[in-house]
1. Cβ-Cβ distance below 9 Å, separation of 6 or more or different chains: which pairs start in the range 108-123 with a residue that is within 15 Å of Ala150 (Cβ to Cβ) and without any contact (Cβ under 8 Å) to a residue 40 or more places away in the chain and end on one that is outside any helix (DSSP H, G or I) and among the acidic types (Asp, Glu)?
2. Being under 21 Å from Ala45 (Cβ atoms) and assigned to a loop (DSSP other than H, G, I, E, B), is that true of even one residue in the range 140-151?
3. Please tell me if Val143 is free of Cβ contacts under 8 Å to residues at least 60 places away in the same chain, of a type in the set (Val, Ile, Thr) and crowded, with 20+ Cβ neighbours inside 10 Å.
4. Mind checking which pairs have a first residue in the range 72-91 that is touching a residue at least 40 places away in the same chain (Cβ under 8 Å) and a second that is hydroxyl-bearing (Ser, Thr, Tyr) and assigned to a helix (DSSP H, G or I), Cβ under 8 Å, 6 or more apart or different chains?
5. So which residues in the range 152-201 are part of a helix (DSSP H, G or I) and among the aromatic types (Phe, Trp, Tyr), if there are any at all?
6. Does at least one position in the range 40-60 carry a residue that is closer than 21 Å to Asp185 by Cα and surrounded by fewer than 15 Cβ atoms within 10 Å (Cβ to Cβ)?
7. Which of the residues spanning the range 64-120 are β-branched (Val, Ile, Thr) and in a helix (DSSP H, G or I)?
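The values are calculated or read from the model by the stated rules, or taken from the named source; none is laboratory data. Remember, it's a predicted structure, so these values are computed and weren't measured experimentally. With ideal geometry, Cβ positions are generated from the backbone for all residues, glycine too; neighbour counts draw on all protein chains shown.
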Amino acid sequence: MKIAVYGATGMIGSQIAAEAVRRGHEVTALSRSGGAVEGAAARAADLADLEAYRSIAHAHDVVVLATVPDRTGGSREPFVEAHRAIAQVPSEARLYMVGGFGGLKNAEGVQIKDAPGFPAEYKGESDAVYAAYAALRDAGVDVTVQAPAAVIAPGERTGAYTTAVGVPAAGHSISSQDYAVAALDELERPQFRGAWFTAAN
C-alpha cells in the first residue's frame, strides 16, 4: 500500500511510519519540518494546507492523521477547522485517525473525557480531537479512529495487544510501538473500518 502519515515525526506517527516501512509499504512521512523517517519519503506539509492534502490523498491508498491540537496554550480551533476542511475533499484514500482515550466511553456510557475525574489538563485537547473526528464523521467521511490505552509511551514492540470498540480494551497501557503494530494490522486486515476502537497491551 501507499501510506501517507501526517505527524510522522511525533511519538505515534513516527512509529506508524516505521512499522509501515518495516512491512514493505511505500510510505510518505509528512511533518511541518519535513524531517526524515528512515525508509520513507519525507515531505514538509501542514494539515491546514488543503491543496497539499488533496494531492497527497489522491496519490495514496491510506492517509494517517497522527497530528495533535496546539499544546502551547494557543487556540485548538485551527486543528478542528483543518479537519472540517479535509472532510470536504473527495478522496478514495482510507482515512485513519489517531484518536484519544477520552473519546471512549466508560461503563456508564459516558465519554471518558466528560466523566468526573478526567484530568483537567487533558480535557481541552480531548474535546478538540473528538470535534475533529465528528467533523469528518458528520460529513460522511469513512474514517477509522484508533485510540490508545489510558497510558501510551515508547517501549517494547511485542506484537501482542487486545482491542475493543468504543470502550477501553483490557489493559491500562500500550507502547507506541505496539500501537503502531495494531494500526498496521488494521490497515492490512480491516476489522474496525468506520469505528472508534482502541488497543492495549
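1. Final answer for the pair search is Ala115/Glu108.
2. Yes, because at least one residue in the range 140-151 is under 21 Å from Ala45 (Cβ atoms) and assigned to a loop (DSSP other than H, G, I, E, B).
3. Taking the combined requirement at face value, the residue satisfies it.
4. Every condition considered, the pairs that remain are His83/Tyr133; Ile86/Tyr53.
5. If the condition is that a residue be part of a helix (DSSP H, G or I) and among the aromatic types (Phe, Trp, Tyr), then Tyr179 is the only one that fits.
6. Scanning the range 40-60, I find no residue that is closer than 21 Å to Asp185 by Cα and surrounded by fewer than 15 Cβ atoms within 10 Å (Cβ to Cβ), so the answer is no.
7. Result: Val80, Ile86, Ile112.
Residues checked against (1) under 19 Å from Arg94 (Cβ atoms); (2) among the small types (Gly, Ala, Ser); (3) touching a Ser or Thr at 6+ places or on another chain (Cβ under 8 Å); (4) at pLDDT below 95:
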| residue | (1), (2), (3), (4) |
| --- | --- |
| Tyr6 | yes, no, yes, no |
| Gly13 | yes, yes, yes, no |
| Ala20 | yes, yes, no, no |
| Arg23 | yes, no, no, no |
| Ala29 | yes, yes, yes, no |
